[in-house]
Every structure is written in structure tokens, then in C-alpha cells.
Amino acid sequence: MVFNKKNVNQLMIQAHKEKNISLLVELYAQASKSAANCDLACFLATQAYVMALETGNPRSEDLFNFLLANDREVKFTRKNI
């Protein structure tokens, strides 16, 4: 699916109304890639990540890695639990 900045907000609103979580994961993930700055990109990626985790969406791993690379997530080990 191809998204553009003009319609992504409208698609997000519609997906929220329809409770289409899979589409929301894709929309938020795509929006994070074209965000104007790192903070906004990470906020949008976090939204996608939470929804991906809730639904078992395989995209969660890529989103986790993006957030990890931008110091918004921590990889837990026995040492830091």
C-alpha cells in the first residue's frame, strides 16, 4: 500500500473508526519513516510498536530495532532486570 502525506491522516482516522489495528500499524510505521524529526518519528513508531505487540504483528521486531537504535527502547538482559 502506498501512502502520501495528504491522505495519511484521513486514513488513520478511518482506521481508528474501523478498529483496523493492522492498518494502523502500517500507517503509523509509514508515517514514522517520513517524520520531520527524530522525536516525531519515534513517537509514531512507538504507536505502531504498541499496536504491533498487542496484535502479534511481525513488524514489531523492526519497530523495536528502530526504537532501540534511537535510544527509545532498551534490550533487557539478566543484568539489567
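Filtering segment 48-59 to residues that are of a type outside the set (A, V, I, L, M, F, W, C), within 9 Å of the chain's Cα centre (by Cα) and surrounded by fewer than 19 Cβ atoms within 10 Å (Cβ to Cβ) leaves only ARG59.
Could you list, in sequence order, all residues of segment 31-81 that are among the polar types (S, T, N, Q) and in contact (Cβ under 8 Å) with a residue 24 or more places away in the chain? Selection gives SER32, SER34, THR46, THR55, ASN57, ASN70.
It is to be established whether one or more residues within segment 69-77 are outside any loop (DSSP other than H, G, I, E, B), at pLDDT 95 or above and either surrounded by 12 or more Cβ atoms within 10 Å (Cβ to Cβ) or among the small types (Gly, Ala, Ser) (or both). Working first, answer last.
Of all residues in segment 69-77, those outside any loop (DSSP other than H, G, I, E, B) come to 69.
Checking the rest, the ones that are also at pLDDT 95 or above come to 69.
Now narrow it down to the ones that are either surrounded by 12 or more Cβ atoms within 10 Å (Cβ to Cβ) or among the small types (Gly, Ala, Ser) (or both): 69.
Within segment 69-77 (the criterion being outside any loop (DSSP other than H, G, I, E, B), at pLDDT 95 or above and either surrounded by 12 or more Cβ atoms within 10 Å (Cβ to Cβ) or among the small types (Gly, Ala, Ser) (or both)), the answer is yes, since at least one residue qualifies.
Pick out the one residue from ALA35, ALA41 that is in a helix (DSSP H, G or I) and surrounded by 14 or more Cβ atoms within 10 Å (Cβ to Cβ). Steps first, please.
On the way: ALA35 fails: in a helix (DSSP H, G or I).
After ruling out the rest, the residue left standing is ALA41.
Answer yes or no as to whether VAL25 is surrounded by 17 or more Cβ atoms within 10 Å (Cβ to Cβ) and in a helix (DSSP H, G or I). Judged against the criteria, VAL25 is a match. Among the numbered conditions (1) free of Cβ contacts under 8 Å to residues at least 24 places away in the same chain; (2) polar (S, T, N, Q); (3) in contact with a Lys or Arg (Cβ under 7 Å, 6 or more places away or on another chain), the only one that ASN4 does not meet is (3). Once segment 1-35 is narrowed to residues that are touching a Ser or Thr at 6+ places or on another chain (Cβ under 8 Å) and at pLDDT 90 or above, the residue that is nearest to ALA48 (Cα to Cα) is VAL25.
The values are calculated or read from the model by the stated rules, or taken from the named source; none is laboratory data. What you see is a predicted model, and the numbers here were worked out from it, not measured in a lab. Virtual Cβ from ideal backbone geometry, glycine too; neighbours counted across all protein chains shown.
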